[in-house]
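I have placed the structure first, in the form of structure tokens, so that the comments after it can refer back to it.
The values are calculated or read from the model by the stated rules, or taken from the named source; none is laboratory data. A quick note: this is a predicted structure, and the numbers were derived from the prediction, not measured. With ideal geometry, Cβ positions are generated from the backbone for all residues, glycine too; neighbour counts draw on all protein chains shown. Protein only, heavy atoms only, side chains kept; ligands, DNA and RNA dropped before computing areas. Shrake-Rupley method; radii C 1.70, N 1.55, O 1.52, S 1.80 Å.
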Amino acid sequence: MKMGELDLRSREAMLKGGKKGPVLTPGDPARSALYLHASHEAQPSMPPGKKLQDWQISVLRRWIGTGAPLEKPIDSGANDAKSAMSAMEERPITEAERQFWSFRPVKRTQAPQVRNRNWVRNPVDAFLLSAMESKGLKPSPAASKRTLVRRVYLDLWGLPPTPAQVDEFLNDQRPDAFELLVDKLLASSHYGERWARHWLDLVHYADSGGFEYDRDFKSAWRYRDWVVRAIAADKPYDQFVREQIAGDEIHPDDPGAQTATGFFRLGLEHNIKTEITRMDEMDDILQITGGTFLGMTIGCARCHNHKFDPIPQKDYYRMQAVFYSTKENDYPLADAAAIAAFKAANAKVDDLIKPLKKQVDDIEKPYRDTLIARERDRLPDYMKEALRIPAEKRTEGQKLIVIQVEKTRNFSQDDVLAAMSKEDRARREEVLAQIRQMEKQRPEPLPAAMAITESGPKAEPSYFLHRGSVDTKGSLMKPGVLSVATSREPEFPEPPAGARSTHRRKAFAEWLSSPDNPLFARVMVNRIWQHHFGEGIVRTPSNFGKTGDRPTHPELLDWLASEFVARGWSMKAMHRLMVTSSAYRQGSDDIAANNAIDADNKYVWRMPRQRIEGEIIRDQILAVAGAIDLKHYGPGVRPYIDPSLWQGSSGRTWGGTTDEDRSTWRRSIYVHSKRTIPLPMLEVFDRPDAITHCSRRNRSTIAPQALILMNNSFIRMQAGEFAKRLEREAGKALDKQIDLAFSLAFSRGPSQTERTAAHQFLEGRPEALSDFCQALFNSNEFLYTQ
């Protein structure tokens, strides 16, 4: 029996307490004597004469705040502290938490019966109409065929229909004319380009590494092209995801599968590599993986158990263990013979240059050492102390200090040269000239894809980090998944003989894309719905947790999810199902009676009017002007940006193109995406910053949008190209020019009022045609879908 009859070795004993009563109130540290005495907020302080470290007190507070879970008694003896820390890592999932709507298994229900059966084209309509009828709402009248053809072209291709394409649809009197048009649009590679843009938003795609240097990635565009091709080919969604997570493990010799793992290389590039920055890289991977594929804010569990959702911190670090062994790999896209020849030629040059580089180092070393010594004498004492401590004994903070000291010097190569004698400078330049001559003997670099690899089948150890700090490592972590989304933990078997990696990602990808995962299919069909109907059935598309919105039509969401699986994970099948529905074909006009009941259109009684994204506005301008280059794939192009926006920035470059450079008049998905130098037109129209996962873009209406459409040199020039097209195709007759302008820009002819106003503006002023064209670019009808 302990003094005071208090036993802290089990949860039950703490709840019972000693002579002075219970010492633990689960969920409330401020009422727990255990915490109050340990934090010295109550006397006597414990342990006597010595206060626990701040992080230890924080761990204790967090453990009590999460309900003080402790399944097993703590062993007494030397391992007490370690056992206690290990116990604090546990956070069991309750059965009640598993019953939250998004964690329950997908349940397919039959389409409901409705009164207005004639409106129902497929089960999507039945689910929507049933909800409308229950609320006293009526669906909107069908949109005109002209409205519908423009809507579906912009929706599935991101390009406006040509007048000939509009006429072809208007003249097609077959009862399934619209379905046939949808099939035609889905069969085109333009569909892949349009919908790849939505995916690239999710995975924060960019062609540069961000931060202050923002170095360009050499071949990120190969991942972008892989996404375009995969979506255009209707690669099954489960396979599409598995290849991005573990393509190198599933198909180790397939260049396409290797390219798909570029998904892991899209994060921000840290210039200083430490254990801390490695944790930041892992956090980026987990946040993108959780948000994109699971619709969950997993990153919140990096430092503590998730505050709102049943995501234990341990799940975070178990999932981190899945990815921890990954390393960057520039995968050569060449055959074995070409790779071997390239390596041999480079090795030969390296062998020739190596002794010459040593000569240069030997010449510079005494001067460099003198400058370093002079600099270190000026350092503060704490930095000097970090440099004196042996490398293996330094703390993480001291390691970072040393790296900063070594990488951040207050002298340059010019200072080294200035300190040299005239003779040494001449000798150094002579050797460098030899090196430059030998460098010319190197072969041309092989094409390569940004991919990942692992060092071998043995996993690198990764640990639970208390408070997310690398200085407070807990238990060694085994790989795992999101506990609340699975009723049975998947197996992570040992890799097969001869494996080049741990195969942890392959096992994780198989769990992730399983039909038994309640989140995977729901999240993706909700994203597809969001882009067609303006809002998702769940209006927080990457937050299916407690702080996210509840589904407006839960039965429909589950029906779509189950249908997605039943149709072989075909994304095209889901597009076709949604856009051929009566709901999609509705008009977008307001109805006063419906507005009074559902002003937010949650029940989809009309189609929303949506502002087109900046990339599609730019593509539409180029298409209408007759200037667009529709070539597919390849490295990104760099449209002209005023040099004052990028010159002088540290390490930031753009290029020397001009607006007249027709090679840059390609679709916007092929514009080089530099994180610190966004194309101004795309930026003002709410282009994501590519720093974080973007599940839905902002929809702002701001003055710079109008100003850039009125004053930007590219817009002015394309208005001129549009005017030349009108003169070329319609001749000099104003009526024909006006008709063609409206047909190209809006897929319709002008009203009498519009024709009269255009005549008054253009009559006797041929030079005003370009201004007239630019006015069309600025109109709401051009910038919005109806």
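Counting only protein chains, not ligands or nucleic acids, how are PHE544, PHE492 ordered by accessible area (probe 1.4 Å), most first?
Result of the area sort, largest leading: PHE492, PHE544.
On average, how much accessible surface per residue is there in segment 465-536, in Å², for a 1.4 Å probe, leaving out ligands, DNA and RNA?
39
Keeping the other protein chains in place, figure out the carbon and sulfur percent of the accessible area of the chain, with a 1.4 Å probe.
Its accessible area is 52 percent carbon and sulfur atoms.
Label points 7 Å out from Cα along the Cβ direction at LEU15 and ARG108: separation in nm?
Taking the simple label geometry, LEU15 and ARG108 are separated by 4.4 nm.
For LEU744, what accessible area in Å² do you get when you roll a 1.4 Å probe over the heavy atoms of the protein chains, rounding to the nearest 10?
Taking all protein chains as shown, LEU744 has close to 10 Å².
Segment 477-537 to segment 146-170: how many Å between their Cα centroids?
37
Contour minus end-to-end for SER188 and ASN778, with contour as 0.36 nm per residue of separation and end-to-end as the Cα-Cα distance?
209.5 nm
For a paramagnetic label modelled at 7 Å from the Cα of HIS632 toward its Cβ, which residues of segment 189-204 fall within the zone defined by backbone nitrogen distances under 13 Å?
Inside the label zone: 189-196.
Using a 1.4 angstrom probe with every protein chain in place, what is the largest-first accessible-area order of MET717, MET319?
MET717, MET319
Given charges of +1 on the Cβ of Lys and Arg and -1 on the Cβ of Asp and Glu, with all other atoms neutral, how large is the dipole of segment 455-574 about its Cα centre, in debye to the nearest 20?
320
Please list, by residue number, every one of the trypsin sites (Lys or Arg not before Pro) in segment 660-708 that is coil in DSSP and has at most 15 other beta-carbon atoms within 10 Å.
ARG697, ARG699
Going 7 Å from the Cα of ALA418 toward and past its Cβ, which residues in segment 358-393 have a backbone nitrogen under 19 Å from where you end up?
Counting backbone N atoms under 19 Å from the label point, the list is 364-378.
Hey, with R₀ at 45 Å, roughly what FRET efficiency would GLU97 and ARG278 work out to, going by the Cβ-Cβ distance, to 0.05?
It comes out at approximately 0.90.
Which order do the peptides 251-259, 627-635 take when ranked by the mean count of other beta-carbon atoms within 10 Å per residue, highest first?
So the peptides 251-259, 627-635, ranked by packing, come out 251-259, 627-635.
Go through LEU15, LEU560 and list them by solvent-accessible area, largest first, probe radius 1.4 Å.
Largest to smallest exposure gives the sequence LEU15, LEU560.
Roughly how many nanometres apart are two label points built 7 Å out from the Cα toward the Cβ at LEU707 and ASP369?
The answer from the label model is 5.8 nm.
Please work out the Cα center distance from segment 220-251 to segment 14-60, rounded to the nearest Å.
One Cα centre to the other: 53 Å.
Keeping all protein chains in the complex and leaving out DNA, RNA and ligands, what accessible area do you get for TRP221 with a 1.4 Å probe, in Å² to the nearest 10?
For TRP221, solvent-accessible area is about 40 Å².
Checking the cross-link filter: which lysines have an alpha carbon closer than 28 Å to that of LYS736, excluding same-chain neighbours under 8 positions apart?
Of all the lysines, those that pass the test against LYS736 - Cα under 28 Å, at least 8 places apart if same chain - are LYS145, LYS724.
What does the accessible area of CYS694 come to, in Å² to the nearest 10, when a probe of 1.4 Å is used?
Answer for CYS694: close to 20 Å² accessible.
In whole angstrom, how far apart do the alpha carbon centroids of segment 680-753 and segment 271-328 sit?
42
Please report, in debye to the nearest 20, how large the charge dipole of the chain is about its Cα centre when each Lys and Arg carries +1 at its beta carbon and each Asp and Glu carries -1 there.
For the chain, the charge dipole is close to 1180 debye.
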